[in-house]
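Working notes for the structure below.
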Amino acid sequence: MADRVTVIGWDGSPLTAAAGAALSAATLVAGAAHHLALPEVPATAERIRLGSIDLAARRIAGHRGSAVVLADGDPGFFGVVRNLRAPEHGLEVEVVPAVSAVATAFARAGMPWEDAQIVVAHPRTLRRAVNVCRAHHKVAVLTSPGAGPAELALLLEGVHRTFVICEELGTAREQVAVVTSDKAADHVWRDPNVVIVIGGGPEQQSTGTGSWIAGRHPQGVRGWALPSDAYPGGATDPGGESGEGESPGLRAAQLARLGPRTGDLVWDIGSGSGALAVEAAGFGAAVLAVDSDPDACARTAAAGRAFGVQLQVVQGRAPHVLERLPEPDVVRIGGGGVPVVTAVADRRPERIVTHASTRDEAEALGAALAENGYIVECALLQSVELDTAAWSERERSVVFLLSALRSDLAP
């Protein structure tokens, strides 16, 4: 094992005394091409061009002497430190940090960033990064080749955002551009770059006591599965395409089985009052709310504004409107019967929930899901709301809840 392993962050500034001392004593230096070209790298040191971190870690583990790994920005923030410290390598490292690329990008933009979401986009995770950009007002995206500004813009089609694109931060070729998302796909951007994605709602406002938590700020109404009258028009909403009122208890059960989370895209088909769409967005997911009724679409949009969450509302009748929507992770179907269930199953989301008012309808929906490769569960939910002044029955709800998990994901 190397006698000493030092990871040095580089942000284009002159190296600190600690970094310079570690580098001058190094007998092995690993880094990108622009790191290995630094004049401070000893001419006699063995040089490793960083491609595979695991391969470099094995080389360092077998080296006798002092090893240095150079990395852009803060190497402990989405950097190489986690990989080098993995148990299979057994490396103990010292870290000399630099300013992270995210901090530098926001500094160039002159913006605060404690309220920002931060994601890494690789080709395999690009869709989830885009979903975070759909769901949140301010997102910093650490891009990679094949998952850069142009690819982000293409997948955000139909969602307007502003991109602050910071190319080659800390170098002589550094450049910052501000473009709308629909223009970002028309340009070739230089790597490495960081994209700040802004829009879709108001920026977090500071209070008299200041912010106290980074990322998502807990605020607004406490709880979820709120009463229908908590939403604009919810008390009089007929339930969208389902044709029946949606009780908070049913909504709670649907959300529990969907499990929406940050990085997911939720389809809410038959959004009605927008209650489920709003609550799914409150968990950090991106939400597409679909309804054929323009009044329901307006209610859903109003509910999103009232609760301060990002929603994309699509007016159209399922199943035809679904053909042009981006791929979902989880789907709630509020109505439309077997044709809609089949169309949704064809898109292969992880989970699907729907409900029925009769056993025959539930059996038909369950059979359609099972035939399309889903493991189906069904529960008969009955709830009774009581008037606590007289402890008398106020309202009764009886519904069949179906939840389906894609069979290849079953335990």
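The values are calculated or read from the model by the stated rules, or taken from the named source; none is laboratory data. Small disclaimer: the values here were computed from a predicted structure and weren't measured. Every residue, glycine as well, gets a Cβ built from its backbone with ideal geometry; the counts of neighbours run over all protein chains shown. Remember, those area values only see protein heavy atoms, side chains included, never the ligands or the DNA or RNA. Shrake-Rupley method; radii C 1.70, N 1.55, O 1.52, S 1.80 Å.
Points worth noting:
- Acute angle (nearest 10 degrees) that the helix 294-307 long axis makes with the longest principal axis of the chain, alpha-carbon atoms: 50 degrees
- Counting every C-alpha pair in the chain, the share spaced more than 41 angstrom apart comes to 30%.
- Rolling a 1.4 angstrom probe over the protein heavy atoms with all chains in place gives the chain an accessible area of 48 Å² per residue.
- Under 5 Å, built H, 5+ apart or other chain: amide partners of residue 7: 69, 94, 95, 96
- Helix 126-135 axis, angle to the chain major axis (alpha carbon atoms, nearest 10°): 60 degrees
- Charge dipole (the chain, unit charges on Cβ, about Cα centre) - positive-most of 342, 294, 197: 197
- Couplings 3J(HN,Hα) for segment 330-339, derived from phi with the Karplus relation 6.51 cos²θ - 1.76 cosθ + 1.60 (θ = phi - 60°), are 9, 9, 10, 10, x, x, x, x, 4, x Hz, where x marks Gly and Pro.
- For segment 92-177, the spread of Cα coordinates along the three principal axes comes to 43, 33, 27 Å, biggest extent given first.
- Amide H contacts under 5 Å for residue 63: 2, restricted to partners 5 or more places along the chain or on a different chain, H placed in the peptide plane at 1.01 Å from N.
- Taking the centroid of alpha carbons for each part, segment 1-55 and segment 107-136 are 29 Å apart.
- Under Karplus coefficients 6.51, -1.76 and 1.60, residue-wise ³J(HN,Hα) of segment 397-411 in Hz, glycine/proline x: 10, 10, 8, 8, 9, 10, 10, 10, 10, 4, 4, 6, 9, 5, x
- Cα-based shape type of segment 255-411, given that a ≥ b ≥ c are square roots of the gyration tensor eigenvalues and the cut on a/c is 1.5: oblate
- In the chain, the portion of solvent-accessible area held by carbon and sulfur atoms comes to 52 percent [1.4 Å probe, whole percent, DNA, RNA and ligands not counted].
- Pairwise Cα distances in segment 133-183 exceed 13 Å for 60 percent of all pairs.
- For segment 269-321, the alpha carbon positions stretch 28, 19, 13 Å along the principal axes, listed from largest to smallest.
- The percentage of C-alpha pairs in segment 1-144 whose separation is greater than 22 Å is 43%.
- Residues in segment 263-270 carry Karplus couplings, in order, of x, 7, 10, 9, 9, 10, 8, x Hz; the curve used is 6.51 cos²θ - 1.76 cosθ + 1.60 with θ = phi - 60°, and Gly or Pro positions show x.
- Taking a ≥ b ≥ c as the square roots of the eigenvalues of the alpha-carbon gyration tensor, segment 238-342 is classed rounded because a/c is under 1.5.
- Beta bridges by DSSP in the chain, antiparallel share as percent, to the nearest 5: 50 percent
- For residue 313, the amide hydrogen comes within under 5 Å of the amide hydrogens of 289, counting only partners 5 or more places away or on other chains and with H modelled in the peptide plane.
- When all alpha carbon pairs of segment 299-381 are counted in 5 Å bins from zero, the resulting P(r) reads 3, 13, 23, 22, 17, 13, 8, 2, 0 %.
- Quick note on segment 343-385: its Rg to Rh ratio, both from C-alpha atoms and Rh being the Kirkwood radius, is 1.02.
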